[in-house]
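Following: one structure in structure tokens, then a few remarks.
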Amino acid sequence: SDELPKIGVFVCNCGINIGGVVRVSEVAEYAKTLPNVAYVEENLFSCSQDTQDNMSDIIEQQGLNRVVVAACTPKTHEPIFQDTMQACGVNKYLFEMANIRNQDSWVHDDTHEEATEKAKDLVRMSVARAETLHPLEEKKIPVIQRGLVIGGGVAGMNAALGLADQGYEVILTEKEAELGGLANRLTATIEGANIGDYLSELIPRVSSHPKITVLTNALIVGFSGFKGNFTTEVLVGPGMYERKIEHGVVILATGAKEYQPKEYLYGEDKRVMTQVELTQHMETLEPGSLNQVVMIQCVGSRNDENPNCSRICC
């Protein structure tokens, strides 16, 4: 700002958090001696609504163009004070905060004299920085009102419907030739619900939705952009033609696939199969036609390469 700095300093004395260690009144008196400080006040709870209202009045009455608050962490409280400044017409980036709680009273609670001197140093540094602050203006960047969902399984299709039913355009990409993902190979949920019936209702809903464009045989080959404005490059179809999709949000729903064992003669003996393959195989058998079944659990997990449990195989 071209204006000469006219700084207000508000020092917080919130009981045991600060005032029980730091001699706050001494810090406030010290702040009055600093260059370009036009007003100093000591408050019990600087973040309370009453104090915020009072601070707003003082900023206007005193014509303050920068504010320093010596209190607790800016991580949680800085936006409160910035909002107060903004409400009375002062750019919120002309605010500085001295953390005399986390960085002082909490770590020096047994050395009150040194804690008070450190609080003075923290306030002095904050005032010096406030002198050099300049107003900043926030830019509003438009967001592309289109979503990209990568993965055409059950999760991806439901995500696409969730966006599309709210009125947003959605591009749904699936690397395979058809939607459904792993669910196409499953028969029933653990509760016994028929997965095939569910897919036969879900897939047409997605494919016919006026806000959803489905791209199958689609391979993601490039991604660029920034928040709200992304560009994803996709190779689509048997001919692998390239398509650039501009979108404001992306949902990754790339699903899972079962482990293909290298152990226990899998791939060598047709009697050895995964649980998904066993389920499909049993669909073709007459009831009671199997007289012996051996389940080998934790294949590919709980070992040096992958020490974790897969969570679903049992």
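The values are calculated or read from the model by the stated rules, or taken from the named source; none is laboratory data. This structure is a prediction, so every number in the text was calculated from the model and none was measured. When we count neighbours, we look across all protein chains shown, and the Cβ atoms used for this are built from the backbone with ideal geometry, even at glycine. Ligands, DNA and RNA are excluded from the accessible area calculation, which covers all protein heavy atoms including side chains. Shrake-Rupley method; radii C 1.70, N 1.55, O 1.52, S 1.80 Å.
Based on the Cβ-Cβ distance from Ala177 to Glu137, what FRET efficiency comes out when R0 is 35 Å, to the nearest 0.05? Walk me through the numbers on the way to the answer.
Working: r = 50 Å, r/R0 = 1.44.
Efficiency, rounded to the nearest 0.05: 0.10.
If r is the Cβ-Cβ distance from Asn308 to Leu252 and R0 is 25 Å, what FRET efficiency results, to the nearest 0.05?
With R0 = 25 Å, the Cβ-Cβ based efficiency is 0.75.
Could you pull out the GluC sites (Glu not before Pro) across the stretch 228-314 that fall in loop regions by DSSP (anything but H, G, I, E, B) with no more than 16 other Cβ atoms inside 10 Å?
Passing sites in the stretch 228-314 are Glu258, Glu263, Glu268, Glu283, Glu305.
For the chain, which whole-number percentage of the solvent-accessible area (1.4 Å probe, protein heavy atoms only) is attributable to carbon and sulfur atoms?
Percent of accessible area from carbon and sulfur atoms in the chain: 52.
Round to the nearest 10 and report in Å² the accessible area of Tyr198, as given by a 1.4 Å probe over the protein chains' heavy atoms.
My reading of the accessible area for Tyr198 is about 100 Å².
Would you kindly give the portion of the calculated P(r) for the stretch 53-197 that falls above 26 Å, as a percent of all Cα pairs?
Distances greater than 26 Å cover 57 percent of the Cα pairs.
For the stretch 1-100, with every protein chain kept in place, what is the accessible area per residue (1.4 Å probe, Å²)? Walk me through the numbers on the way to the answer.
Values: 4510 Å² over 100 residues.
For the stretch 1-100, the per-residue accessible area is 45 Å².
Test of understanding: in a Gaussian network model of the chain with alpha carbons linked when under 10 Å, which of Pro287, Pro238, Pro135 would top the mean-square fluctuation ranking?
Pro287
What ratio of Cα Rg to 2.2 N^0.38 Å holds for the stretch 162-314?
1.34
Pick out, in residue order, every one of the trypsin sites (Lys or Arg not before Pro) in the stretch 213-303 that is DSSP loop and has at most 11 other C-beta atoms within 10 Å; say none if there are none.
Loop-located and lightly packed - Lys227, Lys257, Lys262, Lys270, Arg271.
7 Å from Cα along Cα→Cβ at both Thr189 and Thr111: what's the point-to-point distance in nm?
6.2
Tilt of helix 195-207 relative to the longest C-alpha principal axis of the chain, in degrees (0 to 90, nearest 10)?
60
Per residue, how much accessible surface does the stretch 136-290 expose to a 1.4 Å probe? Answer in Å², no decimals.
65
At a Förster radius of 35 Å, what calculated FRET efficiency corresponds to the Cβ-Cβ distance of Asn291 and Glu201, to the nearest 0.05?
0.40
With bins 20 Å wide starting at 0, give me the P(r) of the chain over every alpha carbon pair, in whole percents.
P(r) over the chain, rounded to whole percents: 23, 27, 28, 19, 2.
Can you compute the charge dipole magnitude of the chain about its Cα centre, using +1 on each Lys and Arg Cβ and -1 on each Asp and Glu Cβ, nothing else charged? Give it in debye, rounded to the nearest 20. Show your work: numbers first, answer last.
On the way: 27 positive and 43 negative charges, 155 e Å.
Charge dipole of the chain: 740 debye, to the nearest 20.
Against the longest alpha carbon principal axis of the chain, how many degrees, from 0 to 90 and to the nearest 10, is the axis of helix 74-87 turned?
The answer is roughly 70 degrees.
Do the sum for the chain: with -39,500 (n - 2.57) for every DSSP H run of n ≥ 4, divided by all residues, what is the mean residue ellipticity at 222 nm, to the nearest 500 deg cm²/dmol?
-9000 deg cm²/dmol
Based on alpha-carbon atoms only, what is the radius of gyration of the stretch 168-231 relative to the globular estimate 2.2 N^0.38 Å? Could you put the intermediate results ahead of the total?
Numbers: Rg = 15.0 Å, N = 64, 2.2 N^0.38 = 10.7 Å.
The value comes to 1.40.
If you place +1 on the Cβ of every Lys and Arg, -1 on the Cβ of every Asp and Glu, and leave all else neutral, what size is the dipole of the stretch 244-314 about its Cα centre, to the nearest 20 Debye?
160
Given charges of +1 on the Cβ of Lys and Arg and -1 on the Cβ of Asp and Glu, with all other atoms neutral, how large is the dipole of the stretch 192-243 about its Cα centre, in debye to the nearest 20?
The calculation lands at about 200 debye.
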